[in-house]
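Here's the structure, in structure tokens; my notes come after.
The values are calculated or read from the model by the stated rules, or taken from the named source; none is laboratory data. Owing to the predicted nature of the structure, the values given are computational and were not obtained by experimental measurement. Counting neighbours? That spans all protein chains shown, and the Cβs are built from the backbone with ideal geometry, glycine included. To get the accessible areas, we keep the full protein, side chains included, count just its heavy atoms, and leave off ligands, DNA and RNA. Shrake-Rupley method; radii C 1.70, N 1.55, O 1.52, S 1.80 Å.
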Amino acid sequence: MTLGLVLFVYGCKKAQSSIPVTEINVSPTEVTMKEGDAPIHLTVTILPEEAANITVTWQSSNTLVATVDDGTVTAVSEGTASITATAGGKTATCQITVLAGFKAVDMGLSVLWANMDLGAKEVGEYGSFYAWAEVEANKSNYDQETYKWGNYSNLSKYLPLSYNGRKDEKAFLDEEDDAAHTDLGGEWRIPTVDEASELFETRENDNYRWTTIEVNGHSCRKITYLVNGNSILLPFSGYKFRGGVQLVGSRHTSWTANNVVSSSSMHMAYIMNAFPQDVKAGAELEGITRRDRWVGCTIRPVKAPRRIPMCSMSFDTHDKAIAENTTFTPTVTIWPENADNKTLKWKSDDPEVASVDKNGVVTAHNSGYTSIWCSHGALQDILKIEVAPFGYGIYVKNELGWEKIYLVARIVNQPNFTGTPGQEPEGESNDGYLYFKLDESMMEQELYYRFVDGKGNSSAEFRKASYSKRIIFTTLK
């Protein structure tokens, strides 16, 4: 009897082992996840229930998008992947769509940029709106009366210069007033004005491409770093003023960490401004501009250690006269002195008159006027340059035995005098010119002059020589 029972059980098991799998199902069949979401577990049903080969194997079609381990799916990065379950020669799939979560993107710049605005749920979606230096989002009203730090006439914080009798020397956000840092923590923060400027300067770099695209129903500026293919989107969410949204769909505006250091503009802070095209919009250009602090703008966080930004820069003088073929280096005052990045950029409006190199050394070439620009991000200052000529308004005729230097000039409210270029003055005429010998006494006179060439031709414009003759005399004496 015992032997018969054993044979019966064995026979039953053998019979079951021959039942094939006829169907396998995975639930759910479609899943949408975000980068960083918690893993999900897929459920498998095998038919018939008494089928023998119930071992299930799993595979992902793209492990760069999603991975699977014994039915547990983990989102890796944005994209799509098919998760396949196999048992007894039958298969079933689940389609996985992974949306980009909030993350830092390497754009080849000095900081990592967030892939979406603070408060956005998906890439391309509009984020939350903040007044500058406030951490409360999406107020019902954005104007002076609701601003945390007071109105135009009564600001209580971020006053780097004296403003209506108050001053605290603060020109960039404290951590507790940085909404990106208070919300995200760690090294997340609002970008400084020079970091924001760096992003917009990528338009001039062959490593980047700027385009306008539609994402999730919103128009956005897309900036792509061609070296690694990474990109970020700046949605045209506009800004909020009082109870309404302005220019939605046609402008991206997000705050930087810098207040405007100007006695007349400390109620303003710098913003990033992006449009559908690289064009002027009204009175503003794409890039870094200013806006009243109480206006509601979005925030595009960056990830990097906290830095002390340069808040202001200025020349020690804004007018300078130099002689041809001479050089000098303008003095630029930077505030604060302990700024982490003190890099300056230089440009001359007319390099043929006077050029400037990357170190700020100005070289005078030909007589005339130009402006030297010094900038750091959105900060800039202008130095107006006059190059005084040799052989035009000034004559040195040592080859004729003269030890004299002459400036063609006109004395204000005095009788007219004249002289011949290259010769000592004598006689009078009605053109109002006289060749003055340059000496110390010349530096005390109020003179006007205009350039005269070797043929006696002169420019039409009179130019004040009060500072020019001083530098000329110093150069030649």
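Taking other residues whose beta carbon is less than 13 angstrom from the beta carbon of LYS34, and scoring Lys, Arg as +1 and Asp, Glu as -1, yields -3. Starting from the Kirkwood Rh over alpha-carbon pairs, what translational D in µm² s⁻¹ does segment 230-371 have by Stokes-Einstein at 20 °C and 1.002 mPa s? Result for D is 117 µm²/s. The solvent-accessible area of LYS103, taken with every protein chain present and a 1.4 Å probe, is close to 80 Å². Taking the inverse of the mean reciprocal distance over all distinct Cα pairs, the Kirkwood hydrodynamic radius of segment 150-210 comes to 14.3 Å. Model label points for TRP335 and LYS358, set 7 angstrom from Cα along the Cα-to-Cβ axis, are 3.0 nm apart.
Taking every protein chain into account, the 1.4 Å probe leaves PHE315 with about 10 Å² of accessible area, to the nearest ten. Taking packing as the residue-averaged number of other Cβ atoms within 10 angstrom, the listed peptides 54-64, 296-306 run from highest to lowest as 296-306, 54-64.
Considering only the other residues whose Cβ falls under 14 Å of the Cβ of VAL215, what net charge follows from Lys and Arg at +1 and Asp and Glu at -1?
-2
Summing charges over all other residues whose Cβ lies under 11 Å from the Cβ of SER265, with Lys and Arg as +1 and Asp and Glu as -1, gives +2. Shown here are the Rg and Dmax of the Cα trace of segment 90-154, at 19.3, 76 Å.
The heavy atoms of TYR369 offer some 90 square angstrom of accessible surface to a 1.4 angstrom probe. Legend: residue pairs LYS170/LYS320; LYS320/LYS345; LYS347/LYS384, Cα-Cα distance threshold 22 Å; pairs beyond threshold, LYS170/LYS320. Relative to the current alpha-carbon distance between LYS170 and VAL215, full extension at 0.36 nm per residue lengthens the span by 12.3 nm. Summarising the label geometry, the points placed 7 Å from Cα in the beta-carbon direction at LYS34 and LEU247 lie 2.8 nm from one another. Distance between the 7 Å Cα→Cβ label points at ASN228 and TRP373: 3.2 nm. Note on segment 121-187: the alpha carbon radius of gyration divided by the globular reference 2.2 N^0.38 Å gives 1.30.
Stretching SER110 away from THR93 to a fully extended chain increases their span by 1.8 nm, per 0.36 nm per residue minus the current alpha-carbon distance.
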